[in-house]
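Read-outs throughout are calculated quantities, based only on the coordinates presented, and are distinct from any laboratory measurement. Just so you know, these numbers come straight off a predicted model, no measurement behind them. No Cβ is skipped: glycine too gets one built from the backbone with ideal geometry, and neighbour counts run over all protein chains shown.
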Ligand code: SF4
């Protein structure tokens, strides 16, 4: 799916298209399997993983339930360290804050490091509309920027790209045929990105965590590009979701154990940068100005909602994607949103209220694997059910479906009705029955039976069988011979 394009298709239609792409399915499965295996090894090595998860949950729950206090502390300390703070209630305000800085600096080139929140506000498109060049400096993001696509995984944005496709993109960008040798491709990207680091007017990053006790912004990367982006240009803009705060560095230590292990199975992240204010007089590198844009964009609505508040605990590790049977089949673009996978199926309809993404919670088997994988124990499966309940009253639910569920509720409300309906169903299933299973080649049942075993109703209900057996026992007792 192209970046910034509005897709009007449903999640089912997009999933059907994704299922036709054999490479996508194989690549997603291969990579997510590797990530899962590596995570397993890294958590085993750490030991007492469940206790770490519980501690992570406690920290995030405490912070989010006192977010006003910790955010204020973070802002006060960041200001005291010399950062300029911009509050943005939505994507438009966040973009305006970024553009304000870009115009003030008369910037022509912005170097960006990977950031989901900046994808959320579509900042690249906004900057390009103002004739400002933006270059993504994370290798995966650089690839999908050249392809004009959205990331298809939170951690590995170009998970769906073949080496051949990457070669074509780099060849088009560089104007020379590079071949498919990995070393040549990486050398090309390194040279291009190095130029960007050295010539960018502004560096833009996200924020993995903001530490309230010092007002520091913490960045995790494996390529070191965020360090270049935040240290070399004269101005650094950070875009952070308002929930990304942690109270103390002791809490950061817990997250520094949970996040890389859950995301990529690493014991430690390769580069962890802690940025407290802009460069001081005695320092040799760092930006002269640090701007922090703090984004709400629907998050504060979840704060007062007991059903969905926990979604703000998310630390964007991507572990729930790697275990999700739906994501592993359809990849990220089928979700049609910036955030894919189980977290995207919950977060997107909550952040962008309305009908556009109301069908996303259906992209789940409700197996609960996402909860088991989540390092901060977010009950995504419960939220998916709650979102489906909300969507059921919306205009996307067809009249026939509503009528069917109403009929179901009526039939199951009284034992007599239930018995009558199951007897009728037993008769109705006869033409569709084959070897104890329902097989339908037409009608709404087909969507279910095409890919699943649907056992037929037993010839005799449990109640009928029980009454018959009771009767048999009575007969035997009254006539032991
Ligand atoms: S919901 Fe949990 S597993 Fe999924 S990205 Fe967020 S923190 Fe990671």
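Annotations
- Anisotropy class of segment 11-301 from Cα gyration tensor, a/c 1.5 cut: oblate
- 0 to 90° range, to nearest 10: angle between helix 67-80 axis and the chain longest Cα axis: 10 degrees
- Annotation for segment 15-41 versus segment 412-433: alpha-carbon center distance of 41 Å.
- Take every pair of alpha-carbon atoms less than 8 Å apart whose residues are at least six positions apart; their mean separation over the length of the chain yields a relative contact order of 19 percent.
- Mean-position separation - Cα centroids, segment 249-324 and segment 82-136, in angstrom: 19 Å
- Contact order normalised by residue count of segment 400-478, Cα under 8 Å, 6+ apart, percent: 19 percent
- Segment 206-276: C-alpha gyration tensor shape, a/c 1.5 cut-off, then a/b vs b/c: oblate
- For a label point 7 Å along the Cα-to-beta-carbon line of residue 192, residues of segment 124-153 with backbone N under 13 Å: 134-149
- Efficiency of FRET from Cβ geometry, residue 30 and residue 249, R₀ 35 Å, rounded to 0.05: 0.40
- In degrees, nearest ten, helix 462-478 long axis to first principal axis of the chain (Cα): 40 degrees
- Virtual spin-label span in nm between residue 180 and residue 446, 7 Å along Cα→Cβ: 3.8 nm
- Mean separation of Cα contacts under 8 Å (6+ apart) over length of segment 276-329, as relative contact order %: 16 percent
- Computed over the chain, the per-residue total of -39500 (n - 2.57) for DSSP H runs of n ≥ 4 gives a 222 nm mean residue ellipticity of -15500 deg cm²/dmol, rounded to 500.
- When DSSP beta bridges are restricted to pairs lying wholly in the chain, around 30% turn out antiparallel.
- Residues 228, 383, sorted so that the one with the fewest Cβ neighbours within 10 Å comes first: 228, 383
- For the chain, the longest principal axis of the alpha carbon atoms and the long axis of helix 182-199 meet at an angle near 50°.
- Judged by the gyration tensor of its Cα atoms, with axes a ≥ b ≥ c, segment 76-195 is prolate; a/c meets the 1.5 cut and a/b is the larger of a/b and b/c.
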